[in-house]
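Working notes for the structure below.
No value in this document is a laboratory result; all are computed from the given coordinates. Remember, it's a predicted structure, so these values are computed and weren't measured experimentally. Heads up, the Cβs are rebuilt from the backbone with ideal geometry, glycines too, and the neighbour counts pull from every protein chain shown.
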Amino acid sequence: MASLEDIKTIGVIGAGQMGNGIAHVIALADYDVRLLDVSAEALEKALGLIGKNMDRQVKKDLITEAQKKAALARITTGTEYSFLSECDLVIEAATENEETKKQIFKLLCPVLGPDAIIATNTSSISVTRLASYTDRPAKFMGMHFMNPVPLMKLVELIRGIATDEPTYRTIHELTNKLGKDTASAEDFPAFIVNRILLPMINEAIYTLYEGVGNVRSIDDAMRLGANHPMGPLQLADFIGLDTCLSIMHVLHDGLADTKYRPCPLLVKYVEAGWLGRKAGRGFYDYSGDEPVPTR
């Protein structure tokens, strides 16, 4: 049975925004990291980004130059699943799409040792259902990191119905060792953070859609009136409007309540490819030096 002492090498699947942040914090916590992605180009980009983000931490005196160098040396990259065969834990951080995750687990399970734990960074999909696509539901759980991973303190821990106690305890201890705080959530659609956050963002989009306020006034109202660090529309752009829509669909389908109906304007923006900051345009236009509201 795996315990914290047994975990030496950790695999991360997906070198995007979440995956590279997870690899970053794990490497700084003295673990060997194997970062896997289908694209060698994405892996190269991820390593550059991790280096840049660590440079920022060095400038702020959060880590030393020596810690940065040692952490970067602990990260290796690969594009074949066999590259993860020595891992004691693998964290799946691919795109928030159930079919994609299902295919990943199908390829991952045959190469892993029998005691290896699998965690998913899903922000909304049923952990129990994802576990059923693996050969080890007892050694599977949700480990939902917040974005940006190096800065955000929280990791939501979600047990599937089959997750055993030693697996939960090991992941809980590991999360603390990574310098993060935990919140335990039951396996219901979108867990805690997104169950509360995404309907708020969706309501802000309805407020825009119905002409109650424009982008600037809605974001200013919530920043200055509710002391939020960033407005809900700005936050939606940062998360990615496609991710926001996919989580609203999970809530709407999973809980069958009309209060979770995605705003038609959110659907329209996603159809237009205006996915927020990563696409250069969402509720703000990011083509200039300063983001400009699009409505």
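Quick notes
- Gain on full stretching of the segment that runs from residue 203 to residue 76 - 0.36 nm per residue minus C-alpha separation: 41.5 nm
- Each residue of the range 169-174 is assigned a 3J(HN,Hα), and the resulting list reads 5, 4, 5, 4, 5, 4 Hz, derived from the Karplus form 6.51 cos²θ - 1.76 cosθ + 1.60 (θ = phi - 60°), x at Gly and Pro.
- Summing charges over all other residues whose Cβ lies under 10 Å from the Cβ of residue 246, with Lys and Arg as +1 and Asp and Glu as -1, gives -3.
- Rounded Å value of the spacing that divides the Cα centres of the range 20-48 and the range 247-290: 28
- Here the dipole of the range 117-237 is about 300 debye; that uses its Cα centre as origin and unit charges on the Cβ of Lys and Arg (positive) and Asp and Glu (negative).
- Lys, Arg +1 and Asp, Glu -1 on Cβ, resulting dipole of the range 195-293 about Cα centre, debye, nearest 20: 140
- Across the range 24-37, coupling constants 3J(HN,Hα) worked out from phi with the 6.51/-1.76/1.60 Karplus curve, θ = phi - 60°, read 4, 6, 5, 5, 5, 8, 6, 9, 6, 10, 10, 9, 10, 8 Hz, and Gly and Pro carry x.
- Distant-in-sequence amide contacts of residue 285, defined by a placed amide H-H separation under 5 Å and a gap of 5 or more residues or a different chain, comprise 292, 294.
- Across the range 195-293, the fraction of Cα-Cα pairs farther apart than 24 Å, rounded to a whole number, is 16%.
- The 3J(HN,Hα) values that the Karplus relation (6.51, -1.76, 1.60; θ = phi - 60°) gives for the range 158-167 are, in residue order, 10, 7, x, 5, 9, 4, 8, 4, x, 5 Hz. Gly and Pro appear as x.
- Counted charge near residue 79, where neighbours are those whose Cβ lies closer than 15 Å (Asp, Glu -1; Lys, Arg +1): -2
- Remark: C-alpha extents of the range 1-112 on the principal axes read 42, 33, 20 Å, sorted largest to smallest.
- Cα-based shape type of the range 231-278, given that a ≥ b ≥ c are square roots of the gyration tensor eigenvalues and the cut on a/c is 1.5: prolate
- Taking amide H atoms as placed 1.01 Å from N in the peptide plane, the amide H of residue 91 lies under 5 Å from those of 11, 12, 13, 119, each 5 or more residues away in sequence or on another chain.
- Mean separation of Cα contacts under 8 Å (6+ apart) over length of the range 1-123, as relative contact order %: 32
- Hits among lysines - C-alpha to C-alpha of residue 106 under 28 Å, sequence gap 8 or more where chains match: 8, 45, 139
- Mean shadow area of the chain, taken as a quarter of the surface of its Cα convex hull (nm²): 15.4
- Within the shell defined by Cβ-Cβ distances under 14 Å, the residues around residue 108 carry a net charge of 0, with Lys and Arg each +1 and Asp and Glu each -1.
- Share of Cα-Cα pairs in the range 80-153 lying beyond 19 Å, as whole percent: 31
- Think of the chain as having a plus end and a minus end, set by charges on the Cβ of Lys, Arg, Asp and Glu; of 63, 110, 36, 63 sits farthest toward the positive end of this dipole.
- Dimensions (Å) - the range 1-42, Cα atoms, principal axes, largest first: 34, 20, 13
- When the Cα positions of 264, 171, 225 are compared along the charge dipole of the chain, 225 comes out farthest toward the positive end, with charges on each C-beta of Lys, Arg, Asp and Glu.
- Which of 79, 93, 145, positive extreme of dipole for the range 79-182 (C-beta unit charges): 145
- Dipole moment magnitude, nearest 20 debye, the chain about Cα centre, only Lys, Arg, Asp, Glu C-beta charged: 420
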